[in-house]
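Reviewing the structure listed below.
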Amino acid sequence: MGERRKYRMVLAYDGTAYSGWQYQDNALGIQQLVEEALAWVERAPVRVYGSSRTDAGVHAKGFSAHFHLTKPVPPKNVVRALNARLPDSIRILRCSYAKESFDARLSAKGKEYRYHVYRADILPPHLAPYWTHSHRELDVEAMREAAAYFTGKHDFVSFAANPDRELETTVRTVFSCEVKRTGPKIVFIVRGDGFLYKQVRSMVGFLLSVGRGKEKPEAVKELLAAASPRTARVETAPAKGLFLWKVFY
C-alpha cells in the first residue's frame, strides 16, 4: 500500500444521457462512471467528491472534484487512464495533486453557470442538445434590465425548487447576471457564491417570461422582496441549455 494522496481534477461532460453528477441507485450518474474508472486505476473502490450536484440533462465545461489514491499514479497518467475508460461524453480535462485541506465543494468561492438560448425559426440539429429553442422574439434589453435585479445578496426561495432536504438558508449572493446576444444566440451568464436547487434555470425561465412580454423587469425585484416559495409564475428553463461553466477557488 502506497502513501495516500489527494488529487483534484476538472471535468467536462455532455449531460444529455445522464441523471446528473450525483450517484443514484436507480439511474446513471456521472459520478458512478468516474468512480468505476478510478477503481480500475486504484484496484479498489474510490469515492469522488464533486463541487456540486448538477440536474439530469445539465452539462459541464469546468466541473471540479477531488479524490484519494494510494497507488503512486502521476496526475497526467490519471487523466490518460480515465479518459481511456470513460465514454466520449465525459472527459477529464486536467488533474493535479491537492493539499489535504482542499475540498471541491467546501473550498469553492463561487460558480459560473451559462445558459444558452437560440432565437430563430429553426434550431440547427447540431446545437439541439445544448441550446434551448425560442421560436418567439425576445426583448433582450428588458431581460438585461430584469437580470440586473438579481445581483446582490437575496433570499432566492422564489427562484428555487424544493430540494427535498433541509437547507440552513435560502439566501445566496449573485455576483453578476448578464445577458449577451450574438445573432440568434442569447447567452445568460450567472456568477454567484452558490446556487439553490434549480435556481439558475428558474432565474432564466423568468427572464424568458420578461423577454416574451409576459412579465415586467421590476417583477424580479418584487419576487425577491416577497421571499415566498416558488409558484407556477416562475417557470424552470429546460435542463439542456445549462452548463456549469467554471468553479472559482
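Quick notes
- Filter result for Gln24 (out of contact with any Leu (no Cβ under 7 Å at 6 or more places or on another chain), touching a residue at least 12 places away in the same chain (Cβ under 8 Å) and either on the phi > 0 side of the Ramachandran plot or polar (S, T, N, Q) (or both)): no
- Number of the exception - Ala108 against (1) among the hydrophobic types (A, V, I, L, M, F, W, C); (2) within 20 Å of Val247 (Cβ to Cβ); (3) crowded, with 18+ Cβ neighbours inside 10 Å: (3)
- Take the conditions (1) in contact with a strand residue (DSSP E or B) (Cβ under 6 Å, 6 or more places away or on another chain); (2) within 26 Å of Tyr130 (Cβ to Cβ); (3) free of Cβ contacts under 8 Å to residues at least 60 places away in the same chain; (4) surrounded by 15 or more Cβ atoms within 10 Å (Cβ to Cβ); Lys180 misses just one of them, which is (4).
- So Arg230, is it surrounded by fewer than 20 Cβ atoms within 10 Å (Cβ to Cβ) and either over 15 Å from the mean Cα position of the chain (by Cα) or free of Cβ contacts under 8 Å to residues at least 40 places away in the same chain (or both): no
- Residue that is surrounded by the fewest Cβ atoms within 10 Å (Cβ to Cβ) [pool: residues in the stretch 183-205 that are in contact (Cβ under 8 Å) with a residue 12 or more places away in the chain and out of contact with any strand residue (DSSP E or B) (no Cβ under 8 Å at 6 or more places or on another chain)]: Tyr197
- Entry remark, the stretch 161-173: residues being modelled with pLDDT of 90 or more and under 17 Å from the mean Cα position of the chain (by Cα) number 2 in total.
- Residue satisfying condition, being more than 20 Å from Val247 (Cα to Cα), at pLDDT 95 or above and in contact with a Cys (Cβ under 9 Å, 6 or more places away or on another chain), within set Val78, Val46: Val78
- Residue match in the stretch 108-116 (condition: farther than 30 Å from Lys221 by Cβ and not basic (Lys, Arg)): no
- Residue satisfying all of: in the stretch 113-160; at pLDDT below 95 and small (Gly, Ala, Ser); nearest to Asp14 (Cα to Cα) among these: Ala160
- Test result for Ser209, assigned to a strand (DSSP E or B) and of a type in the set (Gly, Ala, Ser): no
The values are calculated or read from the model by the stated rules, or taken from the named source; none is laboratory data. Just so you know, these numbers come straight off a predicted model, no measurement behind them. When we count neighbours, we look across all protein chains shown, and the Cβ atoms used for this are built from the backbone with ideal geometry, even at glycine.
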